[in-house]
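Inspection log for the structure reproduced underneath, given as structure tokens.
Each reported figure results from applying straightforward, stated rules to the coordinates on display, with no laboratory input. All of these numbers come straight from a predicted model, not from anything done at the bench. Here the Cβ positions follow ideal geometry from the backbone for every residue, glycine too, while neighbour counts run over all protein chains shown.
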Amino acid sequence: PHLSAILVGADGASETYVASKIKNCKEVGFESSLFRFPDTVTEAELLDKINSINNDSSIDGLLVQLPLPKHISVQRITETISPEKDVDGFHPLNQGRMVQNLPCYLPATPYGIMLMLEHEGITTAGKHCVVIGRSNIVGMPMSILMSRNADPGNATVTLCHSRSTDLSAITRTADILIAAIGKPRFVTSDMVKEGAVVIDVGIIRIEDSSTKSGYRITGDVDFENVAPKCSYISPVPGGVGLMTIVGLLKNTLRAAKGEVKFSF
Ligand code: GUN
């Protein structure tokens, strides 16, 4: 399997994510290639590169690391990637198939979370799953996957967002709480039901002069105070971030096997 990544600009977090994806490809014996562009790159140049990768039969999977500079349309980039190489699962054809429970690439983070639930043998059927955050990358697909007629899945899902009123009253009813908001330690212990399963999707850099890099990574959940109430909780770092890579690698393997076809 061969994964290609396109990285635009020099955003510190994006650099770290892409480096980790490339390193993990090497670890499992996949080929990888990284194409870097300055943040002054034009949209036309990026689209050209994507088209040439689409037509390169030696490359199985392609991701364009987000965010992109403002002058580039994420929609145009996402829709130009061949859906058969779209191992991020962001193309509307993949997202549409996901909604209908048809063969597709699932977005890596929600896919990784489903694998995590499966691996731990956590029952989701009939449970109340509350997702906080409705992004196209995590919250929205997560709510779809948890409500699908599948295992894991079959949960009753509530999708909360910035306009939800009395968020705590909703989260306190969650058997499974998935936080994907990007606000450090936003979920506090008073928001969590005793015995809940808590999954923390946040990866936020906060300044910390005591570390070599000058920052440390924290999640969306106030881990120390929430953990004692939980039956399961995923840590940050070392939780969902790792599973995202697993989801991406599994998608890349499926792409190499030609498992998702869009032309009949
Ligand atoms: N930026 C934040 N998460 C992701 C991801 O899963 N894929 C890509 N391409 N960019 C991201």
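I want the local charge near Ile233. Using Cβ-Cβ distances under 14 Å, sum +1 for each Lys or Arg and -1 for each Asp or Glu among the other residues.
Numbers: positive: Arg185, Lys193, Lys229; negative: Glu120, Asp175, Glu194, Asp200, Asp220, Asp222, Glu224.
Value of the local net charge: -4.
Any idea which of Ala179, Ala5, Ala155 is furthest toward the positive side of the dipole for the chain, if Lys and Arg beta-carbons carry +1 and Asp and Glu beta-carbons -1?
So the residue furthest toward the plus end is Ala155.
Could you list the GluC sites (Glu not before Pro) in the range 175-264 that lie in coil according to DSSP, counting only those with at most 14 other Cβ atoms within 10 Å of their Cβ? Present the calculation step by step, with values, prior to reporting the outcome.
Values: sites: Glu194, Glu207, Glu224, Glu259; in loops: Glu194, Glu259.
Hits after loop and neighbour filter: Glu194, Glu259.
Compute the length gained on full extension between Glu31 and Ser73: take 0.36 nm times their separation in residues and subtract their Cα-Cα distance, giving the result in nm to one decimal.
Length difference between fully extended and current span is 12.3 nm.
Just to confirm the filter: which trypsin sites (Lys or Arg not before Pro) across the range 124-183 are DSSP coil and have at most 15 other Cβ within 10 angstrom of their Cβ?
Those satisfying the criteria are Arg163.
Taking the Cα centre as origin and putting +1 on Lys and Arg beta-carbons and -1 on Asp and Glu beta-carbons, what dipole magnitude results for the chain, to the nearest 20 debye?
Working: 25 positive and 28 negative charges, 40 e Å.
So the magnitude is around 200 debye.
How far, in nm, would the chain grow between Asn136 and Thr165 when pulled straight, counting 0.36 nm per residue and subtracting the alpha carbon separation?
Computed gain between Asn136 and Thr165 is 8.3 nm.
Could you work out, for the chain, what percent of all Cα-Cα pairs fall into each 10 Å distance bin, beginning at 0 Å and stopping at the bin that holds the largest distance?
Histogramming the chain at 10 Å steps yields 7, 29, 34, 23, 7, 0 percent.
Taking every Cα atom in the range 223-264, find the radius of gyration and the maximum pairwise distance Dmax, and write them in Å.
16.8, 53
Normalising by the residue count of the range 1-153, find the relative contact order in percent from Cα pairs under 8 Å and 6+ residues apart.
Relative contact order, the range 1-153: 19 percent.
Using the alpha-carbon centroid of each, what span in Å lies between the range 188-221 and the range 85-99?
29
Any idea what the relative contact order of the range 153-233 is, in percent, if you count C-alpha pairs under 8 Å spaced at least 6 apart?
Details: 143 pairs, mean separation 24.6, N = 81.
Dividing the mean separation by the residue count of the range 153-233 yields 30 percent.
Based on other C-beta atoms within 10 Å, arrange Ser82, Ser162 from fewest to most. It would help to have the intermediate numbers written out before the result.
On the way: Ser82 18, Ser162 9.
So the ranking, lowest neighbour count to highest, is Ser162, Ser82.
Among the listed pairs Lys49/Lys261; Lys85/Lys183; Lys21/Lys127; Lys26/Lys261; Lys229/Lys250, give every one whose C-alpha distance is greater than 29 Å.
Pairs exceeding the cut-off: Lys85/Lys183; Lys21/Lys127; Lys229/Lys250.
Which residue, Asp86, Asp151, Asp200, has the most motion in a Gaussian network model of the chain that connects Cα atoms within less than 10 Å?
Looking only at Asp86, Asp151, Asp200, the biggest GNM fluctuation is shown by Asp151.
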